[in-house]
Amino acid sequence: MNEPIFREAYGRIVATLIRLTGDWSLAEDCAMDAVEAALERWPRDGTPANPGGWLMTAARNRAIDQLRRAALADRKLRDLSLLQDLEPAPAGDDRLRLIFTCCHPALAMESRVALTLRTVIGVSTAEIARLFLVGESAMTRRLSRAKAKISQARIPYRVPSGPALAERLPSVLAVLYLLFTRGYDGEPELAEEAIRLARLLPPEPEVNALVALCLLQHSRRATRQDEAGDLVTLEHQDRSGWDHAAIAEAVGLLAGTPVTGPYAIQAHIAACHATAPDFASTDWPTLAAWYDQLARVHPSPVVEVNRAVAHGYAYGPAAGLELLAAVQDAVAGYAPALAARAELTERAGDPAAAAGLFRQAAEVATSDAERRALLKRSGAMHMS
Amino acid sequence: MKYMMFVCTDTEPETELEAPDIHKWVAENDANGRRVLGNQLVSPSAATTVRVRGGELLLTDGPFAETKEVIVGFDILECADLDEAIEVARAHPMSWAGRVELRPFHGE
């Protein structure tokens, strides 16, 4: 399943078979069987001219076999006749239907993400369980419950239209952004899948904004860690290693997109960084203004910390420290908040206090890479 | 597809905006066939809970669960799918002043 062609085909096949049979497990099994058959035969017989079509036909034949064998009950016979005049044309629509059904707000958020991973992208249940830090049997139960609810409560297999689309889109975008950030934290394939799926959605402003945001964040993937696996901060990343084609595409998308929600604001923030030739020439006042706007519509400790940092560069470290002090209680025990305070304190001319703050930040860091980076900062300043 | 809509109170009702009109809701959904049956229920203090254990009838004064949110009514809806049922439910004043729960009928 690591080949993009299989991941792409898997979601398409599952989506079409669900539309035709209404049977989620049958659809997943047949799609997986088709991929396995391809992995066995293509190296031997050569890759077919139309790999996607080959996989779809193999999966459909497999589904017909299974339905035929399943005792030919009335309902199944109807499914069989549907499968035989399977039209490959509306595959894109089927995948959209599948995404909107998996991300239906009547399902719990965690179920939406798990179901999207399993059904749209074809990630194994064991792998999803690992991502969610739960046991495989717990994840199997969660996925079965979600599928049972879809069928029992009759969640429709449909892309909403009219005002319903605007209502349902945020849930889809939230799931895709969560997939993206999981990918960002070390599963680059997931990040790419999230971008690919977002591109399938209707071109609403917030959809374009999410695509732009993901492209911008993903453009830095090659420079975020050094050889030792330690985090490299934005300031020290080698900007020639950024994906400038992705940045150009994102900036183009943003230019034609009105700012209607949090993804657009975050994308503009990311674009401010991505288009600066170097850290020092970042347009900090513009960045600070975007953070002010984000803090109004989508307040969170992370946003407040980044807002303080941006103001610190735009208007001096004292301005940043003042903003941090104002949200002190909300960000207590949060490593990036302590790191930001350390950074601003250092720039305000107090390296000893800054080193102590970096050490405190390292104590509450949530990942080893982050902890190492913070300890390095505290040590570096002691030596100088 | 039939859905039972339990109509409940809620400790955090909508207080700013005005809820839709119940008479309009009933008239509309009776006319379009989406409301099969429904009614208000009297206070749970008038409820009687019935159990049979070891063949013996056991009666309890009051509801089977003591909760802050109580069921004050029900409607049986006939809808094409959950999205349609949600549209009907959101227009009921008690989804503003309280909460409503949609439960599909078994084997529909």
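Taking into account only those residues within the range B:94-108 that are part of a strand (DSSP E or B) and of a type in the set (D, E, K, R), which is nearest to the other protein chains (Cβ to nearest Cβ)?
B:Arg103
So in the range B:53-93, with the set limited to residues that are closer than 24 Å to B:His106 by Cα and in a strand (DSSP E or B), which one is farthest from the chain's Cα centre (by Cα)? Here the answer is B:Glu78. When the residues of the range B:62-82 are filtered to those that are within 14 Å of another protein chain (Cβ to nearest Cβ) and buried (at least 18 other Cβ atoms within 10 Å of the Cβ), the one that is nearest to A:Pro156 (Cα to Cα) is B:Leu82. A:Asp185 meets all of the listed conditions (1) modelled with pLDDT of 90 or more; (2) loosely packed, with under 15 Cβ neighbours inside 10 Å; (3) away from chain B (no Cβ under 14 Å) but one, namely (1).
If a residue has to be in a loop (DSSP other than H, G, I, E, B) and either touching a Ser or Thr at 6+ places or on another chain (Cβ under 6 Å) or among the polar types (S, T, N, Q) (or both) to count, how many in the range B:34-52 make the cut?
Number of matching residues: 1.
The helices (runs of 4 or more DSSP H) falling completely within the range A:109-165 that include 2 or more residues that are within 11 Å of another protein chain (Cβ to nearest Cβ) map to A:136-152.
Does A:Ala318 qualify as being under 21 Å from A:Ala280 (Cα atoms) and either touching a residue at least 40 places away in the same chain (Cβ under 8 Å) or surrounded by fewer than 18 Cβ atoms within 10 Å (Cβ to Cβ) (or both)? Before you say what the answer is, go through the steps one by one.
Working: under 21 Å from A:Ala280 (Cα atoms): yes; either touching a residue at least 40 places away in the same chain (Cβ under 8 Å) or surrounded by fewer than 18 Cβ atoms within 10 Å (Cβ to Cβ) (or both): yes.
In short, yes.
For the range A:232-284, which residues satisfy the criterion of being out of contact with any helix residue (DSSP H, G or I) (no Cβ under 8 Å at 6 or more places or on another chain) and among the polar types (S, T, N, Q)? Across the range A:232-284, the qualifying residues are A:Ser240, A:Ser281. Mind checking which residues of the range A:238-266 are touching a residue at least 40 places away in the same chain (Cβ under 8 Å) and of a type in the set (S, T, N, Q)? Passing the criteria: A:Thr257, A:Thr260, A:Gln266. Among residues belonging to the range A:274-290 that are under 25 Å from the mean Cα position of the chain (by Cα) and surrounded by fewer than 20 Cβ atoms within 10 Å (Cβ to Cβ), point out the one that is farthest from A:Val207 (Cα to Cα). Top of the filtered list is A:Ala276.
Looking at the range A:194-206 only, could you name the residues that are over 9 Å from A:Leu176 (Cβ atoms) and assigned to a helix (DSSP H, G or I)? Spell out how you get there, then give the answer.
At the first step, the residues of the range A:194-206 found to be over 9 Å from A:Leu176 (Cβ atoms) are A:196, A:199-200, A:202-206.
Scanning the range A:194-206 gives A:Arg196, A:Arg199, A:Leu200, A:Pro205, A:Glu206.
Tallying residues that are surrounded by fewer than 18 Cβ atoms within 10 Å (Cβ to Cβ) and of a type in the set (Ser, Thr, Tyr) within the range A:212-266 yields 4.
The values are calculated or read from the model by the stated rules, or taken from the named source; none is laboratory data. Since the structure is predicted, the reported quantities are computational estimates derived from the model, not experimental observations. Every residue, glycine among them, receives a Cβ derived from its backbone with ideal geometry; neighbour counts consider all protein chains shown.
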